[in-house]
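Notes to accompany the following structure.
The values are calculated or read from the model by the stated rules, or taken from the named source; none is laboratory data. What you see is a predicted model, and the numbers here were worked out from it, not measured in a lab. All Cβ positions, glycine included, derive from the backbone under ideal geometry; neighbour counts span all protein chains shown. The protein model used for the area step is the full one, side chains on, heavy atoms only, and it has no ligands, DNA or RNA in it. Shrake-Rupley method; radii C 1.70, N 1.55, O 1.52, S 1.80 Å.
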Amino acid sequence: MPRFPEYRPRRMRRSEILRRLVRETTVAPADLILPLFIVPGQKVRREVRSMPGVYQTSIDELVRDGAEAAELGIPAVLLFGIPESKDELGSGAYAEDGIVQRAVAALKREVPQVLAITDVCLCEYTSHGHCGVVRAGAVQNDETLELLARQALSHARAGADLVAPSDMMDGRVAAIRRTLDDEGFDQVPILSYAAKYASAFYGPFREAAESAPQFGDRRGYQMDPANADEALREVWLDIEEGADVVMVKPALAYLDIVRRVKDETGYPVCAYHVSGEYAAILAAGQLGWLDADRAMREALTAIKRAGADMIVTYWARQFVRGA
Ligand code: PBG
């Protein structure tokens, strides 16, 4: 390593064109996945109070958002459904004519070039708001697996390009893989939320998806933020069960996990820049405390630099438009 004054790092920082020449990380539109929330009805477009720029939309409006994503070069959307009604077993999650199933069909018909990724989880569909079957006040792992597999299968039948289980039940990737394969969907990949932490940063999402747990919290199935080695075990387990892409979530507070997962597995890694991370930056921006656009760009660059191959972000369209 040369020393000062032979090496002057500032030399290569003198202009943007020089800086660009030696830039190690770039975030491209093709790296981004845009989450969208679908509600029943027609011509519905309701902004989520705690997530400026994020909307709950009906299927007709979703198709417009999908087309816009396609025009901007964003390759994929991640769909979350809010059903007409909820029940104990989340039956809307695996109904053939459920909200996500209809949304996927419409999107693939109108905007086939955009990948439709579906969130596979029961929490938006259960009356208690938990991600699985509840009995005696506890979420039942093995009983939930069958419902998740049915949900994933119904998404695949509707035309989903990838399915993304986010429930954190043990063994769900294997259950989904087996069901998809048995039914002729061996070409539908699984993007598994492999290391998903019990995070305070999901607050605004639960308003957007109307999925806050009605009792207790999700610490009985989502990971303890203090653990890193355990994240690797979760990730390996999902890979062995058939995951094609593994996700770390949230992103910014877990960049060490993103890096370790990438280095230790070599698998495609997705990081989810979650609702609270998005809302915190925008709120500070609205107060005039920071430049939200620059902060968001910096955050996405950091996530990519840490090893993520793709990023789920509510800022995808703004990122591309401003680029
Ligand atoms: C559903 C799910 C959640 C998120 C994605 N899928 C919420 C949760 O686990 O409580 C959070 C996404 C975000 O905060 O942006 N299980």
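What the table below lists for this structure:
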item: Options G137, G171, G159; residue that is modelled with pLDDT under 95 and not charged (D, E, K, R); result: G137
item: Qualifying residues in region 129-169 (those that are more than 13 Å from the ligand (Cβ to nearest atom) and in a loop (DSSP other than H, G, I, E, B)) - the one most open to solvent (accessible area, probe 1.4 Å); result: A136
item: Those residues of region 260-297 which are under 20 Å from the mean Cα position of the chain (by Cα), within 24 Å of A194 (Cα to Cα), charged (D, E, K, R) and open to solvent by 20 Å² or more (accessible area, probe 1.4 Å), in sequence order; result: R260, K262
item: Scan of region 300-323 for residues that are surrounded by fewer than 21 Cβ atoms within 10 Å (Cβ to Cβ), of a type in the set (A, V, I, L, M, F, W, C) and within 24 Å of L115 (Cα to Cα), ordered by number; result: V320, A323
item: Residues satisfying the stated conditions in region 188-199, i.e. within 9 Å of the ligand (Cβ to nearest atom) and either β-branched (V, I, T) or open to solvent by 10 Å² or more (accessible area, probe 1.4 Å) (or both); result: K196, A198, S199
item: Boolean, M1 is touching a helix residue (DSSP H, G or I) at 6+ places or on another chain (Cβ under 7 Å) and not acidic (D, E); result: no
item: Flag if L115 is within 16 Å of the ligand (Cβ to nearest atom), open to solvent by 10 Å² or more (accessible area, probe 1.4 Å) and in contact (Cβ under 8 Å) with a residue 24 or more places away in the chain; result: no
item: Within region 200-287, helices (runs of 4 or more DSSP H) holding 1 or more residues that are away from the ligand (no atom under 13 Å from the Cβ) and in contact with a helix residue (DSSP H, G or I) (Cβ under 9 Å, 6 or more places away or on another chain); result: 229-241, 255-265, 275-286
